Amino acid sequence: MIQLLALLLLAFGDVATVKSEPNLERRSELALANADKQVDAAKQAYNGGDEKAEQQALVEVRELVDVSYDALEHTNKAPRRSKYYKNAELKLTALLRRLHSFRDQVSFESREAVDAVIKRVSDVHDELLAAIMSKKK
């Protein structure tokens with residue numbers, strides 16, 4: 001339980017730390033790496049029976065995915081030629097797989113929160129993919 005609380009205290013600082021990164025491409029990568037860690041934290045919290053910590057970790061996943069997407073949009077680089085857009089798309093695909101697996105593990109009552117995060121991550125993934133595949137303007 002103490003380990004879980006320490007993990008949560010670190011998690012609260014993650015979003016602020018990621019947002020303070022001045023390099024937008026690096027910010028995007030850090031956000032997605034931390035989102036992946038938050039999925040682990042959500043799983044740990046669920047297995048430990050801490051519903052509040054699980055919900056907080058899922059909220060952090062959603063926030064970090066939004067931070068990543070926002071950072072990529074503000075780079076003002078062509079998504080089609082940016083390796084960071086392509087890497088983000090691949091990481092979001094892996095994150096979606098992990099979230100679907102987690103959804104299958106949780107109880108029926110907890111699935112609604114996981115589904116909401118899956119929906120948002122899926123929407124961001126689709127927007128990234130559309131940007132990468134679009135023609136030059």
With the structure loaded, tell me whether Arg111 is at pLDDT 95 or above and over 10 Å from the mean Cα position of the chain (by Cα) or whether it fails that test.
no
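Matching residues to (1) closer than 15 Å to Glu25 by Cα; (2) at pLDDT 95 or above; (3) of a type in the set (Ser, Thr, Tyr):
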{"position": "Arg62", "(1), (2), (3)": "no, yes, no"}
{"position": "Glu73", "(1), (2), (3)": "yes, no, no"}
{"position": "Asn76", "(1), (2), (3)": "yes, no, no"}
{"position": "Thr93", "(1), (2), (3)": "no, yes, yes"}
{"position": "Ser107", "(1), (2), (3)": "no, no, yes"}
{"position": "Asp123", "(1), (2), (3)": "no, yes, no"}
{"position": "Ser134", "(1), (2), (3)": "no, no, yes"}
Can Asp66 be described as under 19 Å from Ile118 (Cβ atoms) and open to solvent by 60 Å² or more (accessible area, probe 1.4 Å)?
no
Can you run down the residue pairs with Cβ atoms below 6 Å, 6 or more apart or on separate chains, where the first is in segment 46-74 and farther than 12 Å from Val15 by Cα and in contact (Cβ under 8 Å) with a residue 40 or more places away in the chain and the partner is β-branched (Val, Ile, Thr) and buried (at least 24 other Cβ atoms within 10 Å of the Cβ)?
Leu58/Val117
Kindly indicate whether Ala116 is open to solvent by less than 50 Å² (accessible area, probe 1.4 Å) and over 19 Å from Leu30 (Cβ atoms).
yes
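Report, by residue number, each residue of segment 86-113 that is outside any helix (DSSP H, G or I) and exposed (fewer than 14 other Cβ atoms within 10 Å of the Cβ).
Ser107
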Which one of these does Lys52 not meet: (1) open to solvent by 60 Å² or more (accessible area, probe 1.4 Å); (2) within 27 Å of Ala131 (Cα to Cα); (3) of a type in the set (Lys, Arg); (4) modelled with pLDDT under 95?
(2)
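Test Leu64 against the criterion of being within 19 Å of His125 (Cβ to Cβ), touching a helix residue (DSSP H, G or I) at 6+ places or on another chain (Cβ under 7 Å) and assigned to a helix (DSSP H, G or I), and give yes or no.
So Leu64 passes the test.
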Counted residues in segment 119-137 being part of a helix (DSSP H, G or I) and either in contact (Cβ under 8 Å) with a residue 12 or more places away in the chain or surrounded by 16 or more Cβ atoms within 10 Å (Cβ to Cβ) (or both) come to 11
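The values are calculated or read from the model by the stated rules, or taken from the named source; none is laboratory data. Predicted model only: the values in this text are computed from it and were never measured. Note that we place each Cβ from the backbone using ideal geometry, even for glycine, and neighbour counts take in every protein chain shown. Note: areas computed on protein heavy atoms with side chains; ligands, DNA, RNA excluded. Shrake-Rupley method; radii C 1.70, N 1.55, O 1.52, S 1.80 Å.
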